[in-house]
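Trainee: First, the structure itself, so that you have it in front of you.
The values are calculated or read from the model by the stated rules, or taken from the named source; none is laboratory data. Since the model is a prediction, treat every value here as computed from it, not as a measurement. Cβ atoms come from the backbone with ideal geometry, glycine included; neighbour counts cover every protein chain shown. Only protein heavy atoms, including side chains, enter the accessible area calculation; ligands, DNA and RNA are left aside. Shrake-Rupley method; radii C 1.70, N 1.55, O 1.52, S 1.80 Å.
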Amino acid sequence: RVPLDPGVGLAYSLGDRRCAGTFTGSGHVGCDSANAPYCRDHRSTWVCARCTGTCLKDTMDCYDEHAVYLAAFAPDRFKVGVTKLRRLETRLREQGADRGAHVRTVANGRVAREIEAGIAESIPDRVRVPTKRDGLHLAVDDDAWEALLVDFDPIERFAFDYGLALDDRPVPETLATGTVRGTKGRLLVLDRNGTTYAVDVRDLVGYEVEDGP
């Protein structure tokens, strides 16, 4: 485990890439398959991510309270999403949202997904990482955000500052060497030799890592 706090220096070289294997209760289990980041045997899909209100499991098990939320990504990209109520702020940060609005609380995940699917007819339910990366140096269009919320009555609002202080869009790259400027969702922002890079950490999965820049 490597901390990604601002100012931390990383100096790792990326070697060959293959299937990242899996983790069990006893630790990491490697895999020699050349299929990266995961081979067929180690690729998994969270079934709940495909739910639109009709449970895809043999037995429904999501009886925790869920939040339906809206999220904003600079400058003017928005999405609807759902998460367990206790994870709302964490989930917004995991996605790198600049703003968030909690718009509904419901009894379980099935109802939340059903509401999400309805809202998703007019508001997307996903924003891709390249789109988020393109807005790293920009501020949220507050007028557009407020206009989006007109048809809702938010229970709670969130605003996040990731401390990146960027004047220009970082260069997209896959590397693990540089000084950490910060993280935003799964984007790692690194300064190296006068250039600022944005790394999708999911693109690092499966690489052999060696010490040394």
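Trainee: Given the options Y69, Y197, Y12, state which has the largest fluctuation in a GNM of the chain using a 10 Å cut-off (strictly under) for Cα springs.
Mentor: Evaluated over the chain, the most mobile residue of the options is Y12.
Trainee: Next up: Could you state the accessible area per residue of the stretch 58-201 in Å², with a 1.4 Å probe and every protein chain left in place?
Mentor: That works out to 51 Å² per residue.
Trainee: Treat the chain as a sphere of radius equal to its Kirkwood radius over Cα pairs and apply Stokes-Einstein at 10 °C in a medium of 1.306 mPa s; give the translational diffusion coefficient in µm²/s, rounded to a whole number. Walk me through the numbers before you get to the answer.
Mentor: Working: Rh = 19.1 Å.
D = 83 µm²/s.
Trainee: Can I ask one more? Which percent, to the nearest 5, of DSSP beta bridges fully inside the stretch 88-213 are antiparallel?
Mentor: 90
Trainee: Using a Gaussian network model of the chain with C-alpha springs under 10 Å, which one of T105, T196, T24 is most mobile by mean-square fluctuation?
Mentor: Among T105, T196, T24, the largest GNM mean-square fluctuation belongs to T24.
Trainee: Counting only residues 5 or more places away or on other chains, whose amide H sits under 5 Å from the amide H of R104 once H atoms are built in the peptide plane?
Mentor: Placed amide hydrogens put V68 under 5 Å from R104.
Trainee: Name the aspartates and glutamates eligible as straight-distance cross-link partners of K184: C-alpha to C-alpha under 12 Å, and not fewer than 8 places from it in the same chain.
Mentor: Of all the aspartates and glutamates, those that pass the test against K184 - Cα under 12 Å, at least 8 places apart if same chain - are D5, E94, D98, D161, D200.
Trainee: Loop only by DSSP, 14 or fewer other Cβ within 10 Å of the Cβ. Give me the trypsin sites (Lys or Arg not before Pro) in the stretch 114-167 that pass, ordered by residue number.
Mentor: Loop-located and lightly packed - R126, R128.
Trainee: Still on this structure, please answer the following. Can you tell me what share of the DSSP beta bridges in the chain is antiparallel? A percent to the nearest 5 is fine.
Mentor: Beta bridges within the chain, antiparallel portion: roughly 95 percent.
Trainee: Mind checking which of A144, I115, T196 is farthest towards the positive end of the chain's charge dipole, using Cβ charges of +1 (Lys, Arg) and -1 (Asp, Glu) about the Cα centre?
Mentor: I115
Trainee: Of all the accessible heavy-atom surface of the stretch 83-155, with the other protein chains kept in place and a 1.4 Å probe, what percent is carbon and sulfur?
Mentor: On the way: 1720 of 3960 Å².
Solvent-exposed carbon and sulfur of the stretch 83-155 make up 43 percent of the total.
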